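The values are calculated or read from the model by the stated rules, or taken from the named source; none is laboratory data. It should be emphasised that the depicted structure is a prediction, and the values quoted were computed from it without experimental measurement. Quick reminder, even Gly has a Cβ in these numbers, built from the backbone with ideal geometry, and neighbours come from all protein chains shown.
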Amino acid sequence: MDDGPRIEAAGNSLVQPLSAGILASLVGFASSVPVLVAGLTAAGASPAEAASGLFAICLAVAVLGIGLSVRSRMPVTIAWSTPGAALLVSTGTPTGGYPATVAAFLAAAALIVVAGLWKPFGRAVAAIPMSLANAMLAGILLELCLAPLKAVEAMPLLALPIILVWAVAMRFLRRFAVPISVVVTAIIVVSATTIPPAALAASLPKPILVLPAFDLNAIIGIGLPLFLVTMASQNVTGLAVLNANGYRPAVGPIFTLTGLASIVTGLFGGHTVNLAAITAALCAGPEAGADPARRWIASVACSVTYLLLGFGAAFA
């Protein structure tokens, strides 16, 4: 009996979910890591603490994404809260410095755990209108949208080529526009920057434990908005993406596990992890394969790639 066609078919059935998962992670990472680093830095993190937070988040994204997807056989993709990072850019550093920000992270994470364990609270949060969440984000994202124009004004010779490449890629290779722009940015930065050899030797991320300093103003001004934005703009949207593609995961355990993971990431300088939205659409949709029962492989591939990218956190 010739098993060749069967083996070839099995191989082909893996190519699409694996490539979709890897692409999803590259697009998600490249498009949002600058916002994440900017948010952590604006909230008071040192470069080392921001790198530690990014690595902790990538590790949590990988572990949860692999575990939930393998166990449920659904493409349950995990990511960090990009709207939450944008929120941090606008809120700035609280009076108590980054330890107060970390306390706000822990408060937001604890509320996510409660949303997972207490069903009435979880349903109430899930009912937050998307229009309200979008209104909260509009003012936050405006400053970020203007950043390329400010970069052109400050460094036209460096910024204009990146914007031009992005515009051309958006026209002809829309899906690859962000990764291509990131590669061009990296080339320009390396060409224009002298990197000391000692910096390369210390490039691996080092986890840094950040002890929280509980401050009521930071918890109310950062923690509560971070919780609301994460739930409304990430978790609710992520569930909608999964539902639209025919998946019905158990919501409570996902909220609980992401909340607990966010407590750990918070102690190492990172903010919340949650259901993915944009990357979830790539891992749960037809781009990840014709067979919905095998699309969980895309989420696993996405999670593993996030972990590998996390080891470059020190360069961010």
Failed item in (1) hydrophobic (A, V, I, L, M, F, W, C); (2) surrounded by 24 or more Cβ atoms within 10 Å (Cβ to Cβ); (3) within 14 Å of the chain's Cα centre (by Cα), with residue 298 passing the rest: (3)
Some residue of the range 222-230 being out of contact with any Ser or Thr (no Cβ under 9 Å at 6 or more places or on another chain), in a loop (DSSP other than H, G, I, E, B), over 18 Å from residue 29 (Cβ atoms) and at pLDDT 85 or above: no
Search result, residues across the range 209-250 that are aromatic (Phe, Trp, Tyr) and touching a helix residue (DSSP H, G or I) at 6+ places or on another chain (Cβ under 6 Å): 214, 227
Failed item in (1) more than 14 Å from residue 79 (Cα to Cα); (2) within 17 Å of the chain's Cα centre (by Cα); (3) buried (at least 24 other Cβ atoms within 10 Å of the Cβ); (4) not hydroxyl-bearing (Ser, Thr, Tyr), with residue 288 passing the rest: (2)
Candidates 181, 191, 233, 203 - the one that is outside any helix (DSSP H, G or I), modelled with pLDDT under 90 and among the small types (Gly, Ala, Ser): 203
Enumerated helices (runs of 4 or more DSSP H) restricted to the range 72-161, each holding at least 1 residues that are at pLDDT below 80, of a type in the set (D, E, K, R) and surrounded by fewer than 23 Cβ atoms within 10 Å (Cβ to Cβ): 119-126, 130-145, 147-154
Criterion violated by residue 273 - all others in (1) closer than 15 Å to residue 111 by Cα; (2) at pLDDT below 95; (3) hydrophobic (A, V, I, L, M, F, W, C); (4) touching a strand residue (DSSP E or B) at 6+ places or on another chain (Cβ under 6 Å) satisfied: (2)
Any pair with Cβ under 7 angstrom, 6 or more apart, that starts in the range 215-226 at a residue that is more than 15 Å from residue 113 (Cβ to Cβ) and surrounded by 14 or more Cβ atoms within 10 Å (Cβ to Cβ) and ends at one that is among the basic types (Lys, Arg) and modelled with pLDDT of 95 or more: none
Selection count, the range 287-299, where residues are part of a helix (DSSP H, G or I) and more than 19 Å from residue 237 (Cβ to Cβ): 5
Filtered residues of the range 27-57 (kept if under 19 Å from residue 96 (Cα atoms) and at pLDDT below 90): none
